Structure formats: C-alpha cells, structure tokens
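Written out below as structure tokens is the structure these notes cover.
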Amino acid sequence: MRRRKILLADDHRLMVEAVGLALEEDKGIEIVGSAESGSQVLPLVERTKPDLVVLDLQMPGMDGLTCIKLLRERFPEVRTAVLSGFDSDEMIDAALRAGASAFISKTIDPAELPAALRRAVEAPVAEAIGRAKKRLDSAVAEKGLTEREVAVLQALAQGQSNKEIARTLWLAAQTVKFHLTNIYRKLNVRSRTEAVHWAYRHGLLEPVSESELRA
C-alpha cells in the first residue's frame with residue numbers, strides 16, 4: 001500500500017507536534033512538511049507534492065479558506081482537510097464550499113485521526129456529487145439542496161445510519177450531522193423518514209419500504 005503524503009499547516013507549533021505524534025505509528029502516512037502560515041502552504045505543496053494538506057482555518061499570512069480555494073485551483077489533485085478548534089455550522093459549510101474534503105474537530109480522539117485523514121485522501125466525493133447532480137430536478141433546485149446534501153439524502157434513503165453515511169461518502173460524522181440538519185431545515189421536515197418521503201415524492205429517489213427507513 002502506497003504511503004499517503006501529508007502536509008500540515010497550523011501556526012501553533014504544539015498542535016503540529018501533537019498531530020505528528022498521533023500519526024507517527026501509522027505506516028501508511030508520511031508527513032512531508034509543515035507550514036506555520038498560510039502563505040507558506042502553496043510553495044510547500046509545489047515542493048513536497050502531498051496527497052493531502054491538513055490545515056487550520058485561522059493562520060497568519062493567508063487564512064485557511066483562501067488556501068483551500070487556491071489549492072483547488074492550482075493543485076486540483078491535492079485534497080484538503082480542515083483541522084480546527086472552531087466547528088460552527090457556518091465554518092463547516094464555508095470550508096466544504098471552498099473545496100475541503102473533510103472538516104475535523106481538534107477534539108477528535110488522536111487514535112481516530114489517521115483513519116479520518118485517510119478517508120479525506122481516498123474519498124470519492126467527486127463521484128458521489130456527480131451521480132447526485134444527475135438526479136437533481138426543479139423541486140430540489142427550488143429547495144436549495146446542495147450536491148453533497150443530495151448525496152447524503154440518497155444514502156439516507158438506503159437506510160444508512162450517520163456513521164454508515166460517513167463511511168460511504170468518506171465524510172466526518174459531524175459533517176454528516178451538519179448536512180442532515182440543513183436538509184431538514186430546507187425541506188421543512190422533522191425526521192429521516194419525512195426527508196426520504198419528500199425525496200421520493202419529488203422523483204429524486206427510488207421507492208423505499210417503511211422497514212428500510214426504520215433500519
């Protein structure tokens with residue numbers, strides 16, 4: 001198995017060292033460099049050719065969101081994951097819209113961090129979004145559902161739990177919860193069953209049984 005190359009970007013040296021300690025025992029991950037400011041990220045990416053850039057949103061020189069957008073433009077093959085101590089809905093949404101593959105809270109159990117970063121690297125997000133986009137109709141567009149939300153809704157209709165949806169779409173569990181909250185709000189529904197029934201009524205999904213919804 002090819003080792004995944006990761007570049008860390010955080011202006012707090014202790015945080016960089018803590019992440020390094022959490023990853024050092026994982027033979028499938030190699031840290032190829034670290035940046036202490038946003039302005040250092042792009043030059044380091046060009047030099048080290050990482051598979052994934054793990055960054056904080058608040059950094060001197062250039063903020064994390066700007067870094068994500070520029071990385072997406074100049075190095076589309078490089079994935080990005082946000083590792084932040086601030087995980088408000090607004091910040092998660094902004095990071096995902098900018099192009100991040102995952103949003104991970106700094107409160108994560110260090111033992112779970114390697115797996116979360118591997119998911120961010122290997123996530124077939126573009127494929128999931130592409131399939132979902134083909135299923136969008138006028139009702140979905142009117143409700144303002146994003147492509148990621150449609151993908152989550154489709155997985156929901158298959159009876160998947162939040163944890164299973166996270167694994168299927170290679171998202172962090174908290175990101176799935178964030179998407180579901182937005183879906184309920186936009187569709188004006190209160191439960192998973194109501195959300196799936198709405199999607200079926202508007203032709204987005206295939207019929208599902210009550211037993212599947214309760215699974």
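The values are calculated or read from the model by the stated rules, or taken from the named source; none is laboratory data. Just so it is clear, the structure is predicted and the values come from calculations on it, not from any experiment. Backbone-built Cβ (ideal geometry, glycine too); neighbour counts: all protein chains shown. Protein only, heavy atoms only, side chains kept; ligands, DNA and RNA dropped before computing areas. Shrake-Rupley method; radii C 1.70, N 1.55, O 1.52, S 1.80 Å.
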In the set A81, A100, the lone residue that is open to solvent by less than 50 Å² (accessible area, probe 1.4 Å) and in contact with a Phe, Trp or Tyr (Cβ under 9 Å, 6 or more places away or on another chain) is A81
* Asked: Does A81 meet the test of being of a type in the set (G, A, S) and within 26 Å of E147 (Cβ to Cβ)?
  -> yes
Flagged in region 181-197 as closer than 29 Å to K106 by Cα and open to solvent by less than 10 Å² (accessible area, probe 1.4 Å), in numbering order, are I183
(1) in contact with a helix residue (DSSP H, G or I) (Cβ under 6 Å, 6 or more places away or on another chain); (2) closer than 18 Å to A172 by Cα all hold for S34 apart from (2)
Taking region 84-97 and keeping only residues that are open to solvent by less than 60 Å² (accessible area, probe 1.4 Å), out of contact with any Gly (no Cβ under 9 Å at 6 or more places or on another chain) and either within 15 Å of R119 (Cα to Cα) or not in a loop (DSSP other than H, G, I, E, B) (or both), one is left with M91, I92, D93, A94, L96
Among the residues of region 103-113, the number that are in a helix (DSSP H, G or I) and buried (at least 19 other Cβ atoms within 10 Å of the Cβ) is 1
Pairing a residue in region 57-76 that is closer than 14 Å to A9 by Cβ with any residue that is in a loop (DSSP other than H, G, I, E, B) and among the polar types (S, T, N, Q), where Cβ atoms lie under 8 Å and the two sit 6 or more apart in sequence or on different chains, gives M59/S37; P60/S37; G61/S37; M62/S37; G64/Q58
A123 meets each of (1) open to solvent by less than 10 Å² (accessible area, probe 1.4 Å); (2) more than 14 Å from the chain's Cα centre (by Cα); (3) at pLDDT below 80; (4) under 15 Å from A172 (Cβ atoms) with one exception, condition (2)
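Per-residue answers, yes or no, for (1) open to solvent by 10 Å² or more (accessible area, probe 1.4 Å); (2) modelled with pLDDT of 80 or more; (3) in a helix (DSSP H, G or I):
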position: A155; (1), (2), (3): no, yes, yes
position: K177; (1), (2), (3): yes, yes, yes
position: G203; (1), (2), (3): yes, no, no
position: V208; (1), (2), (3): yes, no, no
position: L213; (1), (2), (3): yes, no, yes
Being at pLDDT below 75 and not hydrophobic (A, V, I, L, M, F, W, C) narrows K163, K143, K133, K106 down to just K133
So, L71, is that one assigned to a helix (DSSP H, G or I), closer than 30 Å to N182 by Cα and open to solvent by less than 30 Å² (accessible area, probe 1.4 Å) or not? yes
Check your understanding: Among the residues of region 30-53, is any closer than 29 Å to L145 by Cβ and either assigned to a helix (DSSP H, G or I) or touching a residue at least 12 places away in the same chain (Cβ under 8 Å) (or both)?
Key -> yes
If we keep only residues of region 3-54 that are polar (S, T, N, Q) and more than 17 Å from K69 (Cβ to Cβ), then the residue surrounded by the most Cβ atoms within 10 Å (Cβ to Cβ) is S34
